[in-house]
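Below is one structure, written out as structure tokens, with a few remarks after it.
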Amino acid sequence: MNFRSIAFAAALILSVFASQQNGRAAVTPCEIQVVDKENGWPVPLVKLRTVNNTEFVTDNAGIVAFDLPELMNREVWLDVRGDGYGVPTDGFGNSGVRLKMMPGGNQRIEVTRSMIARRLGRLTGSGIFGEVQKLGGEKDWRETGVLGCDSVQNAVYRGRLHWVWGDTALPNYPLGIFDGTSAVTATNPLSSFEPPARLRLDYFTDVKGAPRGIAKMPGPGPTWLTGLVSLPDASGREHLVATYSKIRGHLQPYQFGLCVWNDATESFEPFKVIWDKASGGKRPLVLDGHAVKWTDSAGKKWILFCNPFPLARCPATFESWGDTNSWEALKPQRTLTSADEHEKIEVHSGAIAWNPWRRRWVTVFVQNHGKPSILGEVWYAEADTPTGPWGPAVKILSHENYTFYNPALHPEFVPDKSPVLLFEGTYSAEFANHPQPTPKYNYNQILYRLDLDDPRLLPARGK
């Protein structure tokens, strides 16, 4: 037998061996569905961990496709953790369940919600229905190519809801896009306010069909956008505008400016530089945060720039937005008192909106230096006017050593007569105490529902 024959025979043996091994490794998963015990709704972002520390995370459908060959046909202990959802603790302090894992089987875990907010699901990133797809479902769900993205800004412009995010992770690089990504949807894009959340985003893409940057402002480093809003000019024409900052080093802005959306190029273009570090001088007032439209008691229309409470305002016209002399600084409230009066809450980030059902202004915000998570404790409060006073505050969402920053409200999704309030925020391992990042969910936007008729929110009225 010559060398070529020997090599062929060896390759054939290896191929047969590999096929046998692959055959042994191929396991039909066991479906595990995690649901809210109260209503049977699927619960996303519940972590199931085996005794040997293999972790699975439920997708938007509340599904895990359990596929460990070594644990099939056995009774398996699963630790259950879900930030606001869980199961009772046993005598040894373990919170979990025992399930018999069978190939092609089905198991169900009922969890109890301990927080006021209800988790509806992830809005951005990949594998939103990844677990149920392993089981043959959700075949028509389309992947966007985005793996993760920073906080959202929204504005209705020419009949569509525009979404703008910050730095964006792509499959080929963690900071694949660092000058903003954007998409559009209908102004009320959700057909249901129950899980699983199904937000189909129409991204602005490049010639290859991949999401692209939409705010390539001159200068090195990332471009961040804030203060997104649509404003009319003197002729009545609408303009989609924003404030931009150029970043160097670790979160250090070296330039602030204004930019305007170009419908032809479908991107933002520079309008005016309002401060550059190289030129010296004190940093000016910046139209930062979520833009909120407000008409005062005299009938004058304003745009309030809030994070969460109003930081600045300008008359609600394109011309006034472009004229820094028309801007006014405001002094936002820095602390609130908890409804039980046991805690002074230092405000970090968030948003406000007028709520027709509550007939008051409402806010969802993150506590600075909260517990158990330094930037993961989320509160709700109300006020008669957007400038306050705000409070008392009720905690609606908590995280176990994880961050949930820059919440955004979505009042435009919900009918005026509905008590449902929707909000999202950035779920991230950043700024927490070295947690293990949650696969697929980390550095993405998660949507929650708050039922304003929940009696636990009554103390927020302060009455």
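What to note about this one:
- Put simply, the Cα atoms of region 111-158 extend 39, 34, 21 Å along their principal axes, the longest span coming first.
- Derived scalar couplings ³J(HN,Hα) [region 232-244; Karplus, 6.51 cos²θ - 1.76 cosθ + 1.60; whole Hz; x for Gly, Pro]: x, 8, 4, 8, x, 6, 7, 10, 8, 10, 7, 9, 10
- Relative contact order for region 164-269, counting Cα pairs under 8 Å that sit 6 or more residues apart, in percent: 20 percent
- Translational diffusion of region 273-337, µm² s⁻¹ [Kirkwood Rh, Cα pairs; Stokes-Einstein; 20 °C; 1.002 mPa s]: 165 µm²/s
- Each residue of region 429-437 was assigned a 3J(HN,Hα) from its phi angle through the Karplus curve 6.51 cos²θ - 1.76 cosθ + 1.60 (θ = phi - 60°); the sequence is 6, 4, 6, 9, 8, 6, x, 6, x Hz, with glycine and proline shown as x.
- Pairs of alpha carbons in the chain whose separation is greater than 28 Å (percent): 56 percent
- Each peptide in 304-315, 157-168 receives the mean, over its residues, of other Cβ atoms within 10 Å, and ordering these scores from highest gives 304-315, 157-168.
- Relative contact order of the chain, pairs being alpha-carbon contacts under 8 Å that are 6 or more residues apart, as %: 11 percent
- Here the Karplus curve 6.51 cos²θ - 1.76 cosθ + 1.60, taken at θ = phi - 60°, turns the phi angles of region 90-98 into couplings of 7, x, 9, x, 9, 9, x, 9, 10 Hz, with x standing for Gly and Pro.
- Mean-position separation - Cα centroids, region 76-130 and region 392-408, in angstrom: 20 Å
- If you take the alpha carbon atoms of region 293-448 and fit the smallest convex hull around them, that volume is 135 Å³ per residue.
- Taking Cα centre as origin and charging only the Cβ of basic (Lys, Arg, +1) and acidic (Asp, Glu, -1) residues, the dipole magnitude of region 161-286 rounds to 440 debye.
- Only Lys, Arg, Asp and Glu carry charge here, each on its Cβ (+1 for the first two, -1 for the last two); on that basis the chain has a dipole of about 180 debye about its Cα centre.
- Folded to 0 to 90 degrees: helix 3-25 orientation relative to the chain principal axis, Cα: 70 degrees
- Each principal axis of region 162-218 carries a Cα extent, and these read 40, 21, 21 Å when sorted largest first.
- Equivalent ellipsoid dimensions for region 251-305 as semi-axes, Å, which come from the Cα gyration tensor, largest first: 26, 19, 10
- Sequence-separation-based contact order of region 208-352, relative, with Cα cut under 8 Å and 6+ spacing, percent: 16 percent
- Measuring r between the beta carbons of Arg200 and Lys282 and using R0 = 45 Å, the FRET efficiency lands at 0.50.
- Over region 367-426: Kirkwood hydrodynamic radius from C-alpha pairwise inverse distances, Å: 12.9 Å
- Accessible surface of the chain [probe 1.4 Å, protein heavy atoms]: carbon and sulfur percent: 52 percent
- Of all DSSP bridge pairs formed entirely within the chain, close to 95 percent run antiparallel.
- Semi-axis lengths (Å, descending) of the ellipsoid that matches the C-alpha gyration tensor of region 378-463: 27, 16, 12
- Accessible surface area normalised per residue over the chain is 47 Å², counting heavy atoms of protein chains with a 1.4 Å rolling probe.
- For region 172-301, the alpha carbon positions stretch 53, 51, 31 Å along the principal axes, listed from largest to smallest.
- Helix-only arithmetic for the chain: the sum of -39500 (n - 2.57) across DSSP H runs with n ≥ 4, divided by the residue total, places the mean residue ellipticity at 222 nm at -2000 deg cm²/dmol.
- Positive-pole candidate from Gly281, Leu336, Trp354, dipole of region 279-397, charges at beta carbon: Gly281
- Charge dipole magnitude, Cβ of K and R +1, D and E -1 - region 236-371, Cα centre, debye nearest 20: 300 debye
The values are calculated or read from the model by the stated rules, or taken from the named source; none is laboratory data. This structure is a prediction, so every number in the text was calculated from the model and none was measured. All Cβ positions, even for glycine, are placed from backbone atoms using ideal geometry, and neighbour counts span all protein chains on display. These area figures cover heavy atoms from the full protein model, side chains too; ligands, DNA and RNA do not enter into them. Shrake-Rupley method; radii C 1.70, N 1.55, O 1.52, S 1.80 Å.
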